[in-house]
1. Which condition does residue B:437 not pass, out of (1) open to solvent by 60 Å² or more (accessible area, probe 1.4 Å); (2) over 25 Å from residue B:331 (Cα atoms), if it passes all the others?
2. Where in the stretch B:471-559 are there helices (runs of 4 or more DSSP H), lying wholly inside it, with at least 1 residues that are modelled with pLDDT of 70 or more?
3. As an exercise: evaluate residue B:470 against (1) out of contact with any Leu (no Cβ under 8 Å at 6 or more places or on another chain); (2) over 28 Å from residue B:417 (Cβ atoms) and give the number of the one condition it does not meet.
4. Return the residues of the stretch B:231-281 that are open to solvent by 80 Å² or more (accessible area, probe 1.4 Å), more than 23 Å from residue B:313 (Cα to Cα) and assigned to a loop (DSSP other than H, G, I, E, B); say none if nothing qualifies.
5. Please give the strands (runs of 3 or more DSSP E) falling wholly within the stretch A:82-157 in which 3 or more residues are facing chain B (nearest Cβ under 10 Å), open to solvent by 30 Å² or more (accessible area, probe 1.4 Å) and closer than 26 Å to residue A:48 by Cβ.
6. Please enumerate the residues belonging to the stretch A:63-81 that are more than 19 Å from residue A:139 (Cα to Cα) and at the interface with another protein chain (Cβ under 10 Å from one of its Cβ atoms).
7. Being more than 21 Å from the chain's Cα centre (by Cα) and under 15 Å from residue B:301 (Cβ atoms) narrows it down to one residue among B:316, B:344; which is it?
8. Looking at the stretch B:305-334 only, could you name the residues that are at pLDDT 80 or above and open to solvent by 50 Å² or more (accessible area, probe 1.4 Å)?
Amino acid sequence: MSTAYTDLLLEAGILVNNAISAQEISNILIEYANSGLNPDLICLYQYENTLNSDMKLVSKRGFNPTPEYLLHDSELFCFLLESQQLVCLNTLKRGPFEELILSDQMQSGLAIAINIAEIKLSVLILNYKQPFSFRRNEIQYLEDLCFIIGKYKLEQE
Amino acid sequence: MKIFEIVINSLTIPILVILAGIICLLILLLLYFVNKRQITQIIVRRLENWDSYKNNISIEKSDYILLLFGSYLEKLSIKYGVNLPVLTGLDDLWIKQVNRKKTKKSVLKVLKYSPDKGLFTIFKAALEKEKLQTVLMEWINKSGEFLILRKIALSGNGEAFNGKTALKLFGNDISELNEMLGDYEWKARFFAINIIIHDASDSSLSAVWDGFNDPSVFVRIVPVQLLQTDNRKKLYSKLEYLLLNDPSFDVRKAAKERIFTNLQDLYKIIPSKLTITQKLHLIELMDPYSKQDENLAMEFLKSGNKELELYASRFLLKNGSLKRLLNSADIGYLKGFEDIYSALQVVVGVNITSFIELSENNISTGALIISSRILLKNGSRNIITNLLQKSLEITKGRENIQPYRELYENSILCACKRGTDEALELLNNELLRRRYNRSFQEWVLPKLPVNRDNIFASTLISFLKDEKYNAYLELEKALCRFPAGSILTEIIDILKSNKRWSKSIKINSLKVLGALKLPHCTQYILENLYLLSIEEAKQYSILLSKNDNSAFRDKVRTILSFGDAISMSHLIAALPDVERETFLPEIKKSLSNSNPEVRIAAMWSISDYNKGELLALCFNLLRDPVELVREEVGRVLGTLGSTESIRELKQTLFDKNETKAVKIAVLKGLTISLSPEVLDILLLKLEENIELQDEIIISISRKDNPDDIKKILGFMEKTTSPIRAYLIRTIKLMGEKAELFIEEILFKGNKVLHKHAVAILEENGIVDLRIRQLAHRDPEIRLKAAEFLSKAGTKKAFRGIILSAKDPDNRIRVQLVKALDQMNSAEGLPVLEELKNDPEKRVRKYTLWALERYEAKNLV
């Protein structure tokens, strides 16, 4: 992994360690995913009240219109929760992960489920206008960022 | 005299007979007159003193004499104007005669002198003899008595009589009889209903139906037995009610007999709908030969009501069902066997146990097992002998095979807990037969009854003298539970004998003697202490502490001053705490004794004080020329685990000027120490990486409790590579105990230790094991193995998991896909391409996921 990514992860770790709410941590996640991976669209979906319901869009960077809800019975959603793995789509294609592309102008994307501060289950989706927009380092960076954030436990909540 | 003989001889036989008859007649006449005179005198005397005799004129003559002079007494009655037949009790004899002979003469006499008493007897006689009916009816007509029938009834005792014949006699008096049914005297009602029941008139029939509700048992029973009616349903209904609810057993019994004689077709009692009391009544009258009743009683056993269970049990006991049930227990059919046991447990729960006899020859194993379970707490103690005898025969050679094992063990437990001496003798023989079976001996010895030393003591002593015997620990405890008097002489004889008994037998005898804790045996123990190891001798300190007296001290001082190394070392080690203070100067002196054993013993003795000054003396021995002494010092200090001793050991270990031999002794001490800070010291020393690395690794590998392993793994994360390599060796030495924790590292995703964890697991053969488990028939085991290999992510794991591409369980194929993603190798691509067409959608989805990731990760 490049030094730039290592530095970003270090910074994110420090900020998360000083965070006092899940909202703050969500913002750190969006911010560092955005600055590290430069997507054209980035969205964070979270449960509103109860599990087994659809996830609502709570944070977004980018101008393209996006779905307000991530349906809880969609194939992508189910796979993310079951596998707890990062899913990527290098080009626009039909299949179980096509919902990963949130807008018509987008060609590739990444998605990962993360339990923010071990209390707020969320799904982070990044989209790119160009196909093949990420490589090994980008995937590793996003996984490590989510690992750091997922491991952190708030004392207050 | 001679003249008399001559006269006799001259007479012919007929004349002699006539003479004899005349003489007898004269004698009888004489007796008659004598008795008559006596009777007259008695009566006159009694009548003269009438008040003092209070209406009692007892003549004190036999019944025969009284009857003989009956007419004379009648004359006297007329003469004196008193009822002499009644006053003398003659009327009772006449009543008996009426009852027996039914003569008109005696009837007339009774009617004349004692009608109140004898009327019912005459009535009964008249029913049987028509001639007397006329006499009776004439008397009734003449008597002009009001309610004469009631008088007849009350003169009896409620005996049964022929009501049908009586109806012929009193057919005209039906209305009076009907009225009698309202009499407060049950005898009157009984008399009346017995007659009326044969009358067909409506009023009589109605009165008889009411008889079912009469307060007297005797009256109720009459319609139950005799009522004839066309209304069978009504009769059945009345009878059923009485059968279930009447408080009198006789009435219930009569009702049931009547139902089963005349109304069986109407019988329709449903037990489940009855109250508890009704059920109890029903059980009481069950037919012992009826299978239906037997089944019903078996049902009642499951009722949960103790009273009902008792009644049902008693019925089943009486008809032999319980015995049959017990004998039918078959161990080949487990459910049936347990059902029988459950039923019999209920029976035993209400204290019915006499169905267990076990006297027959052919008793099934199942019956014996159930009996053995029951006899553990209940049943006759005498039966236990039979049980044990039969059990030992049946289980011989199969004592450890179920279900014979249960039978065998239960029977022995029964004998131990509740057996007679006869049973215990059988057990004693079994003890001798299986004397070399260690597990049996260890099991049975604690169970022997302590108050039966007369049976077992000699057997146990024979075991003590037997070198091949192998359950000494339990034997020692068993012997100690017996009264000391029954074994002490034998034990002392063993210790005192020179060569007859081997050393091991003497040691065991000494241990028993010590365990007996007898103050008067101190000398024997002290003199034989050399037989034991120092550790064992130490255990005797509790015993010796009880012998705090000058005699004991003299004995110890004599042995310590004599200088015998073996005796000294053992005695010093065994000295009790309270006595050690007294002998402290001698013990300190022994630290420099020429014999290493004595030095070690003295050191152990001092170490218990745990005082700085005395510990310092022990530390000096770390530099002892004898390696054994140094090692023991290390063990002593490690065992102590005090802050001072651990600090001292640490200083010695890190002392650059200390020799290797001393440090090895220190390491041995630290190894056995349970102090939590020891592991830190060892890890610190390991990290120093100067010397003794092999010894330290061995020491650390002994710290294999979960907390220590976690600490070691945590240390691994922070330390340098060479030290990490040492620690990997350490964990490998721990073997299985550490494997679980290492696997945990994999599953928790610890990236720092992942590589080392995998290396350890590969080296320990765990990876190979998991690969083999991929072929296990249990899919859960295969899945766990696949998950493990997927997490391991090594080449070897990859080669293993690739085999599971054809596994029938889709969860395992998914793990394979995850492993291929983890590997991120071109070698996995063909497999992924193949899995793209997997019949399971879930597998295909994971395959697409992995392929996308592979493509992204390998973009140039």
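The values are calculated or read from the model by the stated rules, or taken from the named source; none is laboratory data. Everything quoted here is computed from the prediction, not taken from an experiment. FYI the Cβ positions are ideal-geometry reconstructions off the backbone, even for glycines, and counts take in every protein chain you see. We work out accessible area using only protein heavy atoms, side chains counted, and drop any ligands, DNA or RNA first. Shrake-Rupley method; radii C 1.70, N 1.55, O 1.52, S 1.80 Å.
1. (1)
2. Details: elements: B:472-481, B:488-496, B:503-516, B:522-528, B:534-538, B:541-545.
Hits in the stretch B:471-559: B:472-481, B:488-496, B:503-516, B:522-528.
3. (2)
4. Result: B:268, single match.
5. Working: elements: A:87-89, A:108-116, A:120-128.
Because the criterion is at least 3 residues that are facing chain B (nearest Cβ under 10 Å), open to solvent by 30 Å² or more (accessible area, probe 1.4 Å) and closer than 26 Å to residue A:48 by Cβ, no strands (runs of 3 or more DSSP E) in the stretch A:82-157 meet it.
6. Within the stretch A:63-81, A:75, A:78 meet the criteria.
7. Details: B:344 fails: more than 21 Å from the chain's Cα centre (by Cα).
Answer to the selection: B:316.
8. Within the stretch B:305-334, B:306, B:307, B:310, B:311, B:314, B:317, B:318, B:323, B:324, B:327, B:328, B:330 meet the criteria.
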